[in-house]
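S.K.: There's a structure below that I have some questions on.
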Amino acid sequence: MASLSGPPARPPFWNLSAWRAMYPGMWAWVIQRLSAVVLLVIFPFHVLNPYNKWLRIAVLALVILHGMHGLKVIFTDFGFPARHQRKLLWVLTALGAAAFFWLAYLRKAFWGFF
Amino acid sequence: MVGGGVIFRVRRGGEAGDPQERYQTYAITPRPRMTVLDVLTSIQSEQDASLVFRYSCRVGMCGTCALRVNGRPRWACRTLITELGESVTLEPLANFPIIRDLAVDMTPFSDGLKRVRAWAEPTEAAASAPARIPPSSRERVRIDPHIECITCGICYSACSMLGHDPAFLGPAALNRAYTLVCDSRDAASAERLAEVSGEQGIWRCHSQFNCTEACPKGISPATAIQGLKRQAAASGAKSFVSSIIGGRAPGA
Ligand code: SF4
Ligand code: FES
């Protein structure tokens with residue numbers, strides 16, 4: 001049993017088996033990182049084509065998603081107890097959803113969408 | 001539970017990658033209040049005496065029975081099978097070398113505890129006379145939610161950062177370090193803080209909170225890690241400021 005001498009070798013980053021149990025906080029983390037990557041890709045298109053309503057709504061949704069989950073990390077870093085992180089996640093998600101619908105739907109003149 | 005039976009798929013075989021590695025299926029007729037540990041002992045006594053797993057206290061105190069139930073790390077002796085559905089997969093804890101079947105080698109976990117010096121190193125005053133620390137004091141309020149660890153390794157298995165970096169100290173060792181660093185009787189806080197402040201310590205934590213979700217004792221190692229991060233940042237800022245002030249000192 002050679003492996004008993006130490007911890008298992010570091011798996012390559014694409015090996016998803018290293019992503020262990022997926023709890024809500026972990027999903028929130030993944031969504032926060034992924035939203036940043038997608039934003040990086042679509043934001044230049046939004047700048048070139050600022051009146052495309054699909055791009056606008058996507059940018060709005062992604063900025064809110066990324067920002068709300070980012071706030072969660074900042075709050076826990078600055079003292080919000082991590083043992084209540086799940087409640088914080090739901091509150092921020094609700095606030096983010098409200099902000100999204102307010103901006104995207106109630107202000108329809110601005111979005112020209114619905 | 002169709003027909004009253006539950007199917008258990010159990011990971012068998014030696015260390016990861018063993019050609020003998022396989023999932024073996026056992027049918028179990030549930031008894032009232034049956035736990036996953038009861039299932040394992042009944043498989044071992046009635047169906048397959050060669051099944052390897054570890055347990056000791058059977059009442060949630062010793063922390064030896066941890067394994068993965070349907071992908072998530074849990075304690076076998078306190079997990080009722082009524083919560084689990086008709087088909088249950090049992091696997092050894094992740095992030096540990098496997099010895100055989102469901103038993104893992106806990107060495108990486110205990111190494112982490114050694115690296116943070118998980119034992120008390122009292123100040124001279126604390127060693128010579130009992131310290132008076134009221135339960136309502138700031139340090140007890142900070143420490144108390146973090147002291148009930150049974151070293152089960154569940155948080156270690158749940159941590160995806162450990163999956164990527166086996167040298168990471170991991171949630172339980174950092175949780176233990178936090179209880180000591182916050183303790184006014186501890187003489188080695190500076191050394192501990194230096195040890196946990198490395199790349200493979202607190203800064204490896206990416207705030208995914210899997211440890212907090214998984215800990216069967218309701219401990220939040222992530223809260224401890226956040227506390228250590230703030231302390232490390234404060235002491236870093238202090239030495240940065242004093243180096244600037246020192247740099248401006250006359251004659252410097
Ligand atoms: S912190 Fe919780 S999950 Fe981690 S080893 Fe201790 S009791 Fe187990
Ligand atoms: S057997 Fe001791 S905690 Fe489960």
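S.K.: Please state the charge dipole magnitude for segment B:168-252, taken about the Cα centre, from unit charges on C-beta atoms (+1 on K and R, -1 on D and E), reported in debye and rounded to the nearest 20.
M.R.: Roughly 180 debye for segment B:168-252.
S.K.: Report, to the nearest whole %, how much of the accessible area of the protein assembly as shown belongs to carbon and sulfur atoms, 1.4 Å probe, protein only.
M.R.: Within the protein assembly as shown, the accessible surface is 62 percent carbon and sulfur.
S.K.: Pop a pseudo-label 7 angstrom from the Cα along the beta-carbon direction at both B:GLN20 and B:THR123 and give the gap in nm to one decimal.
M.R.: About 5.5 nm, to one decimal.
S.K.: Principal axis lengths of segment B:107-245 from Cα atoms, whole Å, largest first?
M.R.: Computed over segment B:107-245, the largest-to-smallest principal extents equal 40, 40, 26 Å.
S.K.: So how do A:TYR105, B:TYR156 rank on accessible area, 1.4 Å probe, biggest first, that is with the largest at the start?
M.R.: Highest to lowest solvent-accessible surface, that is A:TYR105, B:TYR156.
S.K.: Using a 1.4 angstrom probe on the protein heavy atoms only, could you order B:HIS164, A:HIS66 from most to least accessible area?
M.R.: A:HIS66, B:HIS164
S.K.: Kindly express, to the nearest 10 degrees and within the range 0 to 90, the angle between helix B:171-181's C-alpha long axis and the longest C-alpha principal axis of chain B.
M.R.: Helix B:171-181 and the main axis of chain B meet at about 30 degrees.
S.K.: Please state, rounded to one decimal and in Å, the Kirkwood hydrodynamic radius that segment B:37-159 gives when every pair of distinct Cα atoms enters the mean of 1/r.
M.R.: Value: 17.0 Å, from the Cα pair sum.
S.K.: Which FRET efficiency, nearest 0.05, do A:TYR105 and A:ILE31 yield, Cβ-Cβ r, R0 25 Å?
M.R.: After rounding, the FRET efficiency stands at 0.70.
S.K.: With +1 on the Cβ of every Lys and Arg and -1 on the Cβ of every Asp and Glu, and nothing else charged, how large is the dipole of the protein assembly as shown about its Cα centre, in debye rounded to the nearest 20?
M.R.: 1160 debye
S.K.: Roughly how many whole Å is it from the C-alpha centroid of segment B:121-141 to that of segment B:211-225?
M.R.: 25 Å
S.K.: I've got another one for you. Ignoring ligands, DNA and RNA, what accessible area per residue does segment B:1-149 give at 1.4 Å, in Å²?
M.R.: Ligands and nucleic acids excluded, the figure is 53 Å² per residue.
S.K.: Given R₀ = 41 Å, what would the calculated FRET efficiency be for B:SER242 paired with A:PHE75, taking r from the Cβ atoms and rounding to 0.05?
M.R.: Efficiency, rounded to the nearest 0.05: 0.90.
S.K.: Next question, about the same structure. To the nearest 10 Å², what's A:TRP19's accessible area with a 1.4 Å probe?
M.R.: Roughly 70 Å² of A:TRP19 is accessible to a 1.4 Å probe.
S.K.: Once you average over the residues of B:192-201, how many Cβ atoms of partner chains fall within 10 Å of each Cβ?
M.R.: Mean partner-chain Cβ count within 10 Å for B:192-201: 0.
S.K.: Which angle between 0 and 90 degrees, to the nearest 10, do you get for helix B:221-248 versus the longest principal axis of chain B when only C-alpha atoms count?
M.R.: 20 degrees
S.K.: Describe numerically, in nm with one decimal, the distance between label points set 7 Å from Cα along Cα→Cβ at B:CYS62 and at A:VAL38.
M.R.: 4.9 nm
S.K.: Using bins 5 angstrom wide from zero, how does P(r) for segment A:24-109 break down, in % of all Cα pairs?
M.R.: 3, 14, 22, 21, 18, 12, 7, 3, 1
S.K.: At 1.4 Å probe size, what's the solvent-accessible area of B:THR123? Round to the nearest 10 Å².
M.R.: Spelled out: B:THR123, probe radius 1.4 Å, area about 40 Å².
S.K.: Mind checking which lysines have their Cα closer than 18 Å to the Cα of B:LYS229? Skip sequence neighbours fewer than 8 apart in that chain.
M.R.: Candidates past the 8-residue exclusion: A:LYS72, B:LYS238.
S.K.: Which value, in square angstrom to the nearest 100, describes the accessible area buried between chains A and B on both sides, using a 1.4 angstrom probe?
M.R.: Looking at A and B, the buried total is near 2900 Å².
S.K.: Separate question: What distance in nm separates the two pseudo spin-label positions at B:THR29 and B:SER110, each 7 Å out from Cα along the beta-carbon direction?
M.R.: 4.1 nm
S.K.: OK, next. How much of A:MET22 can a 1.4 Å solvent probe reach, expressed as accessible area in Å² and rounded to 10?
M.R.: 50 Å²
The values are calculated or read from the model by the stated rules, or taken from the named source; none is laboratory data. All values reported here derive from a predicted model rather than from experimental measurement. Every residue, glycine among them, receives a Cβ derived from its backbone with ideal geometry; neighbour counts consider all protein chains shown. Remember, those area values only see protein heavy atoms, side chains included, never the ligands or the DNA or RNA. Shrake-Rupley method; radii C 1.70, N 1.55, O 1.52, S 1.80 Å.
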